[in-house]
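Here is the structure we will look at.
The values are calculated or read from the model by the stated rules, or taken from the named source; none is laboratory data. Model, not experiment: these values are computed from the prediction. Note: ideal-geometry Cβ built from the backbone for every residue, glycine included; neighbour counts use all protein chains shown.
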Amino acid sequence: MATLSHFDESGAPRMVDVSGKGATARVARAHAFVAMPPEVLAALPSNKKGNPVEVARIAGIQGAKRTSDLIPLCHPLPLSYVDVRIEAEEGGLRIETEARTVGETGVEMEALTAAAIAALTLYDMTKAASKAIEIREIYLLSKSGGKSGDYRR
């Protein structure tokens, strides 16, 4: 079993030292799904106060940029690119995010945070219409770059 890198030999939590790593191009993609009743989904385009999907997209980008403020041992990263795509489909909204950087550590947490924050924003903006909305299936789709190599779900 692999050892957990955020703990020292005595078991105390620590930030991983990445100073000896070389900077490489890194990309990560993540996913989330917001399940909602059909009538809530159908009403989104005609919302009088604006488009919740666009607000969630911007919130996801902002969330990726603030990842190290939210997750205690996460390194602050200079993000080169963040994208949040939200598509309506049967049963709800599918969120796919992408984060890119050139650095010493990966951007998986930034991509996952973007997906989670976009999903939470959709929930916040639609909860008045239904309490049956659910956030589901937040996971990493892929990552590339770095010593550990590529991953595809």
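Would you please name the residue that is surrounded by the fewest Cβ atoms within 10 Å (Cβ to Cβ), looking only at residues in region 1-48 that are more than 23 Å from the chain's Cα centre (by Cα) and part of a helix (DSSP H, G or I)?
The residue in question is S46.
Just wondering, is there one or more residues in region 107-116 that are modelled with pLDDT of 95 or more, over 30 Å from H6 (Cα atoms), surrounded by 21 or more Cβ atoms within 10 Å (Cβ to Cβ) and not small (G, A, S)?
no
Filter region 117-132 for residues that are surrounded by fewer than 18 Cβ atoms within 10 Å (Cβ to Cβ) and either of a type in the set (A, V, I, L, M, F, W, C) or in contact with a Phe, Trp or Tyr (Cβ under 6 Å, 6 or more places away or on another chain) (or both) and give the result.
Correct list: L120, A128, A129, A132.
Checking V102 against (1) surrounded by fewer than 17 Cβ atoms within 10 Å (Cβ to Cβ); (2) more than 19 Å from V18 (Cα to Cα); (3) in contact (Cβ under 8 Å) with a residue 40 or more places away in the chain; (4) touching a strand residue (DSSP E or B) at 6+ places or on another chain (Cβ under 9 Å), only one condition comes out false. Which one?
(2)
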